[in-house]
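Each remark here refers to the structure printed beneath this line.
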Amino acid sequence: MSAAQAVEAVFRIESARIIAGVARIVRDVGIAEEIAQDALVAALEQWPESGVPDRPGAWLTATAKHRAIDLVRRKETYARKLAEVGRTLEDVPPPAEPADPDDIDDDLLRLIFTACHPVLATEARIALTLRLMGGLTTQEIARAFLATEPAVAQRIVRAKRALATAGVPFEVPYGTDREARLSSVLEVIYLIFNEGYSATAGDDLLRPALCEDALRLARVLEGLMPREPEVHGLAALLEFQASRTATRTGPDGEPVLLADQNRSRWNRLLIARGVRALGRAGNGPYSVQAAIAGCHAAAVRYEDTDWPWITALYGRLVRLVPSPVVELNRAVAVSMAEGPQAALPLVDALAEEPALRSYHLLPSVRGDLLERLGRPQEARAEFERAASLTRNAQERSLLLRRAARL
């Protein structure tokens with residue numbers, strides 16, 4: 001591996017910690033990212049001649065912090081900033097490694113709470129989190145969400161500006177503010193995973209890199225906030241869902257329904273991690289969803305699935321987060337536990353829901369129920385309607401195949 005390749009690999013792994021550590025000093029994530037990039041440039045200039053350091057991540061972190069301190073000196077008086085930073089800033093070369101590794105974890109927690117601040121629109125939170133915490137380039141984010149690179153770049157720039165303008169503090173909130181902010185953090189990680197697990201649009205059903213990024217963020221958050229039950233709930237949910245990724249598509253990328261997946265290929269290590277996380281979860285929405293996913297993971301065969309218990313869990317989820325999408329999922333569980341005739345009225349009752357008017361899974365579920373009830377012509381019309389609503393090419397092909405079969 002060349003020095004340049006080593007720089008790129010190390011920076012991809014360490015960038016979030018570097019930015020977080022610098023942001024604690026300069027109190028601005030935009031400036032922190034620029035300084036981290038400066039440290040990257042310094043490594044690209046120096047490592048080919050001096051060789052890759054024994055601890056390259058520590059070298060980058062120390063270099064970035066040293067530059068941050070220089071910036072602070074230029075902008076503020078030494079005495080005032082000394083009190084704010086809370087440590088002596090001596091005129092010496094950067095240390096070989098960060099003085100207190102535990103501080104880095106605290107900084108990461110501050111960074112993710114800042115990137116997911118509710119002052120930003122959801123799309124901006126996602127883009128900024130992937131940029132700062134996931135280490136993704138603007139091009140990678142744009143490709144993942146089928147957006148143009150300039151649009152994503154502008155979204156990130158505006159997000160940083162909005163945080164600075166609003167004076168969002170670089171800190172971990174407490175009390176009721178923490179609860180509200182944590183909800184935003186979990187939502188962003190959940191949305192990133194979902195986009196990777198079932199892409200909204202495009203030619204591919206899955207975008208595994210997004211799933212991996214979200215799962216990594218969930219694990220980081222789980223380590224940083226071990227006493228938050230919903231953090232463990234989200235981590236458990238993503239571990240269980242990720243365990244099935246390899247079996248969700250066929251050789252040509254076509255979707256494979258849950259009933260047809262080869263369960264022997266489900267990742268048992270991820271399932272075991274999910275079980276452990278679920279043991280530390282609570283009773284919130286992500287924890288309940290994790291319990292549902294855990295039921296699927298526990299079933300050796302599709303026929304062994306405990307559908308009555310899953311139905312009960314969906315009932316609990318509806319009470320926690322009333323949503324027509326959750327109601328639709330509950331109807332599917334009812335159809336498996338009690339039969340399609342019991343579920344059809346529940347699905348029909350959702351037909352006028354504004355939120356589901358262009359949601360392709362509503363006619364898809366209705367088509368499945370009608371097919372099972374022996375009403376093929378009606379089922380075919382529903383599958384065709386569902387195909388016209390989805391923007392994902394693989395899902396559209398599956399729905400049209402089901403319609404053609406009828």
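The values are calculated or read from the model by the stated rules, or taken from the named source; none is laboratory data. Here the structure is a predicted model, which means the values were calculated and not measured. Note: ideal-geometry Cβ built from the backbone for every residue, glycine included; neighbour counts use all protein chains shown. These accessible areas exclude ligands, DNA and RNA; they are computed on the full protein's heavy atoms, side chains included. Shrake-Rupley method; radii C 1.70, N 1.55, O 1.52, S 1.80 Å.
For the stretch 125-212, what does the alpha-carbon gyration tensor say about shape, rounded, prolate or oblate, given a ≥ b ≥ c as the root eigenvalues, a/c under 1.5 as rounded, and a/b over b/c as prolate? Note, shape of the stretch 125-212 comes out oblate. Using the Cβ-Cβ distance between Glu352 and Arg12 with R0 set to 56 Å, the FRET efficiency from 1/(1 + (r/R0)^6) comes to roughly 0.70.
Only one of (1) 142; (2) 161; (3) 151 was calculated from the structure for volume of the Cα convex hull per residue in Å³, and its label is (2). Only protein heavy atoms count here; under a 1.4 Å probe, Cys211 has an accessible surface of about 10 Å².
Extension gain for Ala259 to Glu34 (0.36 nm times residue separation, less C-alpha to C-alpha distance): 76.1 nm.
Remark: the Trp309-Arg73 segment gains 78.8 nm on full extension, using 0.36 nm per residue and subtracting the alpha carbon distance.
Would you work out the charge dipole size for the chain about its Cα centre, treating the Cβ of every Lys and Arg as +1 and the Cβ of every Asp and Glu as -1, and quote it to the nearest 20 debye?
Dipole size: approximately 560 debye.
Across the stretch 260-267, rounded Karplus estimates of 3J(HN,Hα) from the backbone phi angles (6.51 cos²θ - 1.76 cosθ + 1.60, θ = phi - 60°) give 9, 6, 7, 5, 5, 9, 5, 6 Hz, Gly and Pro being marked x. Spin-label model, Arg316 to Tyr174: label points 7 Å out along the Cα-to-beta-carbon direction sit 3.2 nm apart. Per-residue Karplus couplings for the stretch 8-14, computed as 6.51 cos²θ - 1.76 cosθ + 1.60 with θ equal to phi - 60°, are listed in order as 4, 5, 5, 5, 4, 6, 9 Hz, Gly and Pro entered as x.
Computed over the chain with a Gaussian network model linking Cα atoms closer than 10 Å, the most mobile of Gly135, Gly51, Gly175 is Gly175.
With 0.36 nm allotted per residue and the present C-alpha distance subtracted, the Thr165-Ala299 stretch has 43.1 nm of extension available. Of all the options Glu49, Glu212, Glu123, the one that moves most in a Gaussian network model of the chain with Cα springs shorter than 10 angstrom is Glu49. For the pair Glu338 and Asp252, label points projected 7 Å from Cα toward Cβ lie 4.0 nm apart.
Only protein heavy atoms count here; on that basis, with a 1.4 Å probe, Met336 has an accessible area of about 60 Å². Residues in the stretch 303-317 carry Karplus couplings, in order, of 5, 8, 4, 7, 5, x, 5, 5, 4, 5, 5, 5, x, 5, 5 Hz; the curve used is 6.51 cos²θ - 1.76 cosθ + 1.60 with θ = phi - 60°, and Gly or Pro positions show x.
I need the shape label for the stretch 190-287. Rule: rounded when a/c is under 1.5, else prolate if a/b > b/c, else oblate, with a, b, c from the alpha carbon gyration tensor. Verdict is prolate for the stretch 190-287. Comparing Leu186, Leu132, Leu356 in a Gaussian network model of the chain where C-alpha atoms under 10 Å apart are linked, the largest mean-square fluctuation is found at Leu356. Dipole orientation for the chain: of the candidates Tyr190, Pro208, Ala127, Tyr190 has the Cα lying most toward the positive pole (charges on Cβ; Lys, Arg +1; Asp, Glu -1). Values of log10 I(q)/I(0) for the stretch 367-406 across q = 0.33 Å⁻¹ run -1.04, by the Debye formula with one identical scatterer at each alpha carbon and no solvent.
Please report the carbon-and-sulfur percent of the accessible area for the stretch 141-204; probe 1.4 Å, protein heavy atoms only, DNA, RNA and ligands left out.
The nonpolar share, carbon plus sulfur, comes to 51 percent.
Compactness ratio for the stretch 171-220: Cα radius of gyration over 2.2 N^0.38 Å (N = residue count) comes to 1.38. Computed with a 1.4 Å probe over protein heavy atoms only, the accessible surface of the chain comes to 48 Å² per residue. For the stretch 252-351, rounded, prolate or oblate, judged on the Cα gyration tensor with a ≥ b ≥ c (square roots of eigenvalues), a/c < 1.5 rounded, else prolate if a/b > b/c? Oblate, because a/c is 1.5 or more while a/b does not exceed b/c.
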